[in-house]
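Reading through the C-alpha cells given below for one structure.
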Amino acid sequence: MSSPQLIEREVPPRTAWALEQAGVAPLLARLLAARGVREAAELDESLAQLLPPTELKGLRDAARLLADALQNGERLVIVADYDCDGATACAVMLRGLRQLGARPGQLGYVVPDRAVHGYGLTPTIVDLALEQNPALLVTVDNGIASLAGVAHARAQGLKVLVTDHHLPAIVDGSVVVPEAEAIVNPNQPGCTFASKSLAGVGVAFYVLLGLRAELRSRGALPSPEPRLDGLLDLVALGTVADVVKLDANNRRLVAQGLRRMRSGRAQPGVMALFSAAKRDASKAQGFDLGFALGPRINAAGRLADMTLGIETLTTDDPERALALATQLDTINRERREIESGMREMAEARLDALVQALEGELPPAVALFDADFHEGVVGIVASRIKDRVHRPTFVFAHGADGQLKGSGRSIPGFHLRDALDLVAKREPELLAKFGGHAMAAGATLAGGDTGDVQRFALAFARVAEEWLNEQDLTRTLRHDGALPPDAATPETARLLDAQVWGQGFEPPLFCDRFELVSQRLVGEKHLKLRLRQAGRLIDAIWFNHVDMLPERVTLAYRLSLDEWQGQQRVQYVIEACSA
C-alpha cells in the first residue's frame, strides 16, 4: 500500500473563535470547526435536541397501524436483517413494543439466512413469517426495495409496515417504493427529515417515539408512561456498527447510548458483549462499538444465524446473555480466520491482475475465487479497497449456486448508482442489486464465472468515466500539529469524551519528528521512540513492520496507555511521509 497524500483540514477561524467564546476548549474548538460544527448548540447532546419524529414522512400512518395492532391484539412479526444494524433494530422494536403494551405472545420475528433467503423481505421470508400467523409484518433495516416481497405479503392478506434507511429501488429509470400500508424511511421520495443518515435502528427508535405519541393521544399508554431512552444503547451500537454518517442527530443518539453503557445501565446482552470482547464498558467509546461489539454481532449473520445475535440483545437474563455473547465471540474468531485466508487469496488475485495489466491498477476492482466464503465477501472487499483505494467488489458462490458479491467504495463514487448504470449497459448481467453510496451488494444473473469478468469490465468502465487521477489518489486528512503543551492525559480524556466516527473522523495530528529508536513488538507492530523540541515521545504503529528514516513526518492519534495503574500519553501512528 502506497503512502497516502497528507492534507491538512481547513479550520474556519471565525467559527473556531465563536466556539471558544462559547466555552469550548481551544483545541477542541479547532477540531470541531474543521468538521463543520458551526455553533455550540450543535454540541448539546440532550434528547430534547433530537430532530422531531413528526418530520418523518409516513410516521403518523405507521404509528396508527402499530397502535391499532396493539389494541386489537393482532400478531406482529418483525422482519429483521442479518447485520448488526438489523439485529439491534429488531431488538429495539421488540423491546419497545413490549414497553408500549404488546401482550405476551403478540410479537415474533424472523431473520433471513444470508445463504438461503438473501437480503430483505423476499417472498420466501414472507412465507417463513406466515408460519407465525401474523396480521402485520414490520420490516427493520430492510424492505424499501422489496417490491415483490411486499406484494406477496399483501396477496396473502397481510399488512406491511416498512421501516428502513436504504435507497429505494430504481425500475426503468424511476424510483419505485413498495405498496405497503406505511413506509418510514428518511431516504424515501418526499421525506423532509433533516437527517438522511439515520441507521435502520435509528428509524426503528423514531417509529417507537411516534407510536408512543399516538398511544398517548388515545389515552392508551401503560402506566407509568414508558421511557424509551433505555433503548439508546442498542441504537448507539447499531448506528456505529453500520458506519452511517455521524451527523449532529446521530451523534446525540450515540452519545446517549454511550452514557448508558458507561454507567452500567445497558442491556444485559450489551454488557455481556463488552465482557466477551474484554473491553471496559465504563470507558465505552465509539471505537468499542465499531470494532469490538459490532463485529461479534455481525459474525452471527456471516457464518451462523443472526437469531443468536438478536437473542443476545433481547434477553433480560445476564447469565444467558453472557453465554450467548461467548458463542458470538467464538464465531467471530472463526470469522477472523476465514477472513485472513480469503484476504491472502484476494491479494494474490489482485497481484495477478496488476501483473496482467503490466503494473497498472484498473480504476475499479472485482475479484472472485471458487473458495471464497459468501459471508465474508464484504469485509474482504473493504480490506482490498483500503489497500488499493479503488471501488472494489468481491464475489463468491452462494449456497444456492448464484454468484453473490459485496462492494465497498471510495469518496466520489456512488456504488449503488454505478450498479444501476452497469445494469443498464449489461441488461442480462445482474439478477438484483442494492445498497447505497459506499456499500452495496449484487447477485449475478448466471452462475458462470465468466460473468464476473463481464462485471469487472463494466464496473471498471464506469469508474474510468466517473473518477479522475485525484479521486484515485489515497488521501488522509489531518488536523495539523498538536500543540506541544497539549500532549497530556487530560487532552486525551477530553478527546475520548467526544463522539467520533464516520463523517466525523477522530482527531488526527501531523508533525515532523526525529527518530530515537524503533523495534518490532509482537512480530508485526513497530514500537517507536520519538524526539520533538527536546521532548521524548512513545509511539506505536500497529500492523506495520517497515523501518522508518531518522527524520520523518508522521500522522498520529493521541492515545492513553495504561500500565500498572499509571496513565501516559502514547501516539498511535496512522501514516508517514519522508
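The numbers here are math on the coordinates, done by the rules we state, and not lab data. Predicted model, so just to flag it, every value in this text is computed and none were measured. Every residue, glycine among them, receives a Cβ derived from its backbone with ideal geometry; neighbour counts consider all protein chains shown.
Assorted remarks:
- Antiparallel DSSP beta bridges within the chain, percent to nearest 5: 65 percent
- Spin-label model, R568/E319: points 7 Å from Cα along the beta carbon direction are separated by 4.4 nm.
- Scalar couplings 3J(HN,Hα) for region 447-452, obtained by applying the Karplus form with A = 6.51, B = -1.76, C = 1.60 to θ = phi - 60°, are x, 6, 5, x, 5, 5 Hz; x denotes Gly and Pro.
- Residues whose amide H comes within less than 5 Å of that of V184, counting only those at least five positions distant or on another chain, are V162, T163, D164 (H built at 1.01 Å from N in the peptide plane).
- Alpha-carbon radius of gyration plus Dmax, which is the widest Cα pair, for the chain in Å: 24.3, 76
- The separation of region 78-142 from region 279-303, counted between C-alpha centres, amounts to 22 Å.
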